[in-house]
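What follows is a set of notes on a single structure, which appears directly below.
We did not get these values from a lab; they are worked out from the coordinates using the rules stated. Fair warning: this is a prediction, and the values are worked out from it, not measured in the lab. When we count neighbours, we look across all protein chains shown, and the Cβ atoms used for this are built from the backbone with ideal geometry, even at glycine.
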Amino acid sequence: MQKSSRKFLVVLIGLLLLGYVVYHATGMLRHSEFSAAEMLRAVRSANPYYLILSLITIYVCYAVRSLRWRVFQQNLGPSSFWNIYKMTLAGFSALQLLGRPAEPVRPVLLARKEKLPISGMFGVYLLERIFDFASMAVIAAIALLRFRVDAASSETALALQKGAKPAASLLILGILAATSLLVYLRFRGTALLERQLQRWVQAHGWRGKIAGIMLEFARGVQTIRSWRDLALASLYSAIHWFLVLVIYYWVAKSFGDTLGTLNLSDAMLVLAVALVGSVLQLPGVGGGSQAVSTIAYSKIFLVKTEAALAASIVLWLITFAACSLAGVPLLIHEGLSLGKLRELAEHEKEAAGESPAQQGESAR
């Protein structure tokens with residue numbers, strides 16, 4: 001009975017994921033002038049070998065991400081790569097099932113699996129976010145500096161080239177400023193920040209929330225104990241995002257035609273645009289990396305709308321949704337249903353609304 005129930009849950013969640021993909025796709029189609037037959041033909045003509053390679057590579061990306069997390073976590077307590085890898089897949093799958101409200105689920109799952117303090121894991125999570133945002137900025141800066149146009153380029157591409165160097169310069173300055181802040185917090189600033197935020201820590205409302213987030217981040221920085229830790233984390237970040245870039249390149253190659261002519265630099269620009277889209281919501285479009293990827297392909301590189309849309313959906317399926325193939329069974333194995341995941345996310349959201357002082361009182 002238990003096995004049949006689990007099979008039913010797997011099928012149910014699979015149908016929910018399929019419905020989510022269809023909903024996402026139809027939402028994009030409503031905002032595009034396209035031929036459905038052309039789009040389906042583009043999908044059918046895609047080279048499956050490139051797509052299979054991309055699917056395998058995205059799981060390698062999660063493994064590299066897990067190795068980076070292990071570097072951050074190792075100074076909090078014992079860490080197991082396989083536990084981190086499994087809970088990383090499960091956590092990102094929860095994000096696919098529940099959306100942004102499930103952001104706290106992954107650090108909570110990791111804390112429970114590794115039997116480590118949740119507050120320390122949230123510090124690591126915030127540090128991981130900083131490394132990802134820094135990587136995004138580096139990718140965007142390099143893509144803008146390498147971007148070139150010719151006489152046949154679109155108006156969008158010509159306009160982008162005009163602002164490319166100033167935008168890249170601002171990004172580089174931002175990266176340097178963020179790096180300086182991290183180094184300062186690591187060696188001198190955390191104790192000072194804790195003293196300065198004491199009043200806010202005791203406060204209720206938004207001040208307590210901000211103080212809690214800032215202190216969690218500052219303490220997360222302290223998990224980097226040596227230059228070796230910093231070098232390893234930076235190396236894993238570089239490997240992870242290079243592999244993601246290769247996936248973008250392979251997916252474009254798989255579709256052939258205009259997409260097949262795009263080089264690694266072009267793929268990097270699309271990746272940079274997609275990363276911005278994954279953070280921002282675009283009015284009237286619905287947001288998401290797949291929406292802005294379609295815009296980048298069609299407006300900058302003059303790819304047909306149908307092929308651009310097909311490639312963007314495939315990219316989203318591989319880079320975002322594919323983790324659910326392994327992640328959903330892992331969630332079920334951990335005894336976590338959709339209801340429990342939602343409850344977990346809501347609980348952590350409410351806990352984040354308390355100041356650290358309040359959390360300490362409730363723990364007593």
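Give the order of Met121, Met136 when sorted by the count of other beta carbons within 10 angstrom, beginning with the fewest.
Listing Met121, Met136 from fewest to most nearby Cβ atoms yields Met136, Met121.
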Nitroxide proxy distance, nm - points 7 Å out along Cα→Cβ at Ala326 and Arg100: 2.9
With label points built 7 Å along Cα→Cβ from the Cα atoms of Arg129 and Ala167, find their separation and express it in nm. 2.4
Simple spin-label estimate for Leu230 and Phe242 in nanometres, 7 Å along Cα-Cβ: 2.1
How large is the Kirkwood hydrodynamic radius of segment 69-154, in angstrom, based on all distinct alpha carbon pairs? 14.9
Among the listed pairs Lys113/Lys253; Lys253/Lys299; Lys86/Lys253; Lys86/Lys299, give every one whose C-alpha distance is greater than 28 Å. Lys113/Lys253; Lys86/Lys253; Lys86/Lys299
How much length would be gained if the chain were fully extended between Lys113 and Ala178, taking 0.36 nm per residue of separation minus their Cα-Cα distance, in nm to one decimal? 20.2 nm
With the label point 7 Å along the Cα-to-beta-carbon line of Asn75 and a cut-off under 20 Å to each amide N, the hits in segment 121-139 are 121-135
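With all pairs of different alpha carbon atoms counted, what Kirkwood hydrodynamic radius in Å does segment 49-94 show?
So the Kirkwood estimate lands at 11.3 Å.
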For a footprinting-style exposure proxy, rank Ser180, Ser278, Ser54 by other Cβ within 10 Å, fewest first. Ser180, Ser278, Ser54
